[in-house]
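Working notes, beginning with the structure itself.
The values are calculated or read from the model by the stated rules, or taken from the named source; none is laboratory data. For clarity, every value in this text was computed on a predicted model and none was experimentally measured. Counting neighbours? That spans all protein chains shown, and the Cβs are built from the backbone with ideal geometry, glycine included. Ligands, DNA and RNA are excluded from the accessible area calculation, which covers all protein heavy atoms including side chains. Shrake-Rupley method; radii C 1.70, N 1.55, O 1.52, S 1.80 Å.
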Amino acid sequence: MPFPKLGQAIVACALVLTILGTQSHAGTVTGTAAYRERIAVPPDATLYVELQGVSLADAPAVSLAAKRYAMDSVPAQFELTFDDELIKDGHRYVVRASISQGQDLLFTTDTAYPVLTDGAGNSADLMLVQVQGGSILDDTQWTAAALNGTPIEAERRPEINFAQDGAFSGSGGCNRFNGQADISGATIAFPDNMAATLMACPPALEEVERQFFQALQSATTYAVEGDALAFLDAAGEPVVKFVRTR
C-alpha cells in the first residue's frame, strides 16, 4: 500500500521544514573604502573592515563580522557576512575600517558609519583619513582581559592608555603608573623604572597587579586585530590580552 510511504515522506518534509525554519540566515553589509589623498598605497597594504555593535555605553564595541583584503585598488570593495540573529531592533551597528602595512597603520576611519538599524541600510561608503606617523597604539585605551592565558576575574582589571610616541599611563587594578615605552613597528619595550603609586591593595588585586607589571616587563612585541591587543614575550607567547575601550 502506498500510504505508509506517503506518510513517511510527509513526516520527512515536515522535519526538513522545521530544521530550515530554525536555521539563522546570513546577512551582508557591502560598501567601498577610499581616501582623499592622491597617493598609492604600498603593494603589500591590507584593508581591514569590521562590523561592530556599539549599543552599550562605556563598553568595548562587539565585533559581529570582520574581513581583511589585499588593497589592490582605490576605492576598494568589501562585503561582510553576519548572522541575522545577532541583529536586534533598537541596537546600533557601525562599520569601521583601516589600511595597514604590516603593523604600521596608514589610514583609518575617524568616524563610525551606521548600518542596519535606525533607518540605515546595509551598505556604507567609507572615507579613511591618513595617519601622520606614530604607532597604531597612539591615542588608544585598553583593559586587560587575560594574563598568561588565564582570564582575569578580579574586581578591577588592569588598564593601559597610550598617548603619542610611546607615552603610556594606566592602572594595575590598584596603583596608577606611567612611563615611556619604546615602540618601533611591532616591537615594544617597557622601561624598568616605571613610575607608580604605592597604595596598599587587597591580596587578590595585588597578585593580579604583580603579574600584570611582570607581563609588561617581559613583552617584546605586540599585535592588534580589531578591538583586541596582545603583548607577546620573546618566545611569541601572549602574556597579556586586552580589549579596546577607546
### Query
Any idea which of T111, T117, T81 is among the β-branched types (V, I, T) and outside any loop (DSSP other than H, G, I, E, B)?
T81
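For region 142-160, which positions are in contact with an Asp or Glu (Cβ under 9 Å, 6 or more places away or on another chain) and modelled with pLDDT of 95 or more?
Of region 142-160, the ones in contact with an Asp or Glu (Cβ under 9 Å, 6 or more places away or on another chain) are 142-144, 148-149, 154, 158.
Across region 142-160, the qualifying residues are W142, T143, A144, P158.
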#### Entry: Any pair with Cβ under 8 angstrom, 6 or more apart, that starts in region 232-246 at a residue that is at negative phi and ends at one that is among the aliphatic types (A, V, I, L, M) and open to solvent by 60 Å² or more (accessible area, probe 1.4 Å)
none
#### Entry: Residues of region 24-38 satisfying the condition of being at pLDDT 85 or above and of a type in the set (A, V, I, L, M, F, W, C)
V29, A33, A34
### Message
Please return the ranges of strands (runs of 3 or more DSSP E) entirely within region 127-202 where 1 or more residues are of a type outside the set (S, T, N, Q), outside the structural domain of Y35 (by the TED database) and open to solvent by 50 Å² or more (accessible area, probe 1.4 Å).
### Response
159-162, 176-180, 182-184
### Task
Look through region 56-102, keep the residues that are closer than 21 Å to A26 by Cβ and among the polar types (S, T, N, Q), and return whichever of them is most open to solvent (accessible area, probe 1.4 Å).
Q77
### Query
What are the residues in region 39-51 that are open to solvent by less than 10 Å² (accessible area, probe 1.4 Å) and either in a loop (DSSP other than H, G, I, E, B) or modelled with pLDDT under 90 (or both), if any?
A45
